[in-house]
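Below: one structure, written as structure tokens.
The values are calculated or read from the model by the stated rules, or taken from the named source; none is laboratory data. In this text the structure is predicted, and so the values were computed from the model without any measurement. Because the Cβ atoms are built from the backbone with ideal geometry, glycine has one as well, and the counts that use them run over all protein chains shown. Please note that ligands, DNA and RNA were not included when accessible areas were found on the heavy atoms of the full protein model with its side chains. Shrake-Rupley method; radii C 1.70, N 1.55, O 1.52, S 1.80 Å.
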Amino acid sequence: QVQLVESGGGLVQPGGSLRLSCAAPRGMFSIYTMGWYRQAPGKQRELVARIMIGGSTDYADSVKGRFTISRDNAKNTVYLQMNSLKPEDTAVYSCNARFTTYVYWGQGTQVTVSS
């Protein structure tokens, strides 16, 4: 069973920052596209950001300029740096690993942006 281990969620005030981390198995990390998705109450899950093997990235329009995804191949870890957080960023954030038809998910971590 593949495990993606997430950390870094929590409660933060509007305008604050958080960094999420997702550790993946070593054999997976070098070939999988890694991404972060989120799901807010009553809404569908949406892609937040993803980073391909070569380092190219995609972002949802709603987070461009505020969030940065990166990967550390030596640590088999992908990060999501979230700055200028807004209440509408409140959601459960899940790490995702994808390679052809193989797709794996982390357990999810709650991010709450509130004063």
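Applying the set (1) open to solvent by 70 Å² or more (accessible area, probe 1.4 Å); (2) modelled with pLDDT of 95 or more; (3) not in a strand (DSSP E or B) to residue 16 leaves exactly one unmet item: (1). Taking the numbered list (1) assigned to a strand (DSSP E or B); (2) over 14 Å from the mean Cα position of the chain (by Cα) in turn, residue 54 passes all entries but (1). For residue 78, the conditions (1) β-branched (Val, Ile, Thr); (2) surrounded by 14 or more Cβ atoms within 10 Å (Cβ to Cβ); (3) part of a strand (DSSP E or B); (4) without any contact (Cβ under 8 Å) to a residue 40 or more places away in the chain are fulfilled apart from (4). Residue pairs whose Cβ atoms lie under 6 Å apart, separated by 6 or more positions or on different chains, with the first residue in segment 6-17 and farther than 21 Å from residue 65 by Cβ and touching a residue at least 40 places away in the same chain (Cβ under 8 Å) and the second of a type in the set (A, V, I, L, M) and open to solvent by 60 Å² or more (accessible area, probe 1.4 Å), do not occur. Out of the residues in segment 43-55 that are open to solvent by 20 Å² or more (accessible area, probe 1.4 Å) and modelled with pLDDT of 95 or more, state the one that is farthest from residue 97 (Cα to Cα). Across segment 43-55, the extreme among qualifying residues is 43.
The C-beta contact set for segment 24-36 (first residue acidic (Asp, Glu), second residue at pLDDT 85 or above, distance under 7 angstrom, 6+ apart or interchain) is empty.
Applying a threshold of 7 Å to beta carbon distances and a minimum spacing of six or more residues, or different chains, the list of pairs starting in segment 86-105 at a residue that is free of Cβ contacts under 8 Å to residues at least 60 places away in the same chain and ending at one that is among the aliphatic types (A, V, I, L, M) and outside any strand (DSSP E or B) reads 90/40; 91/40.
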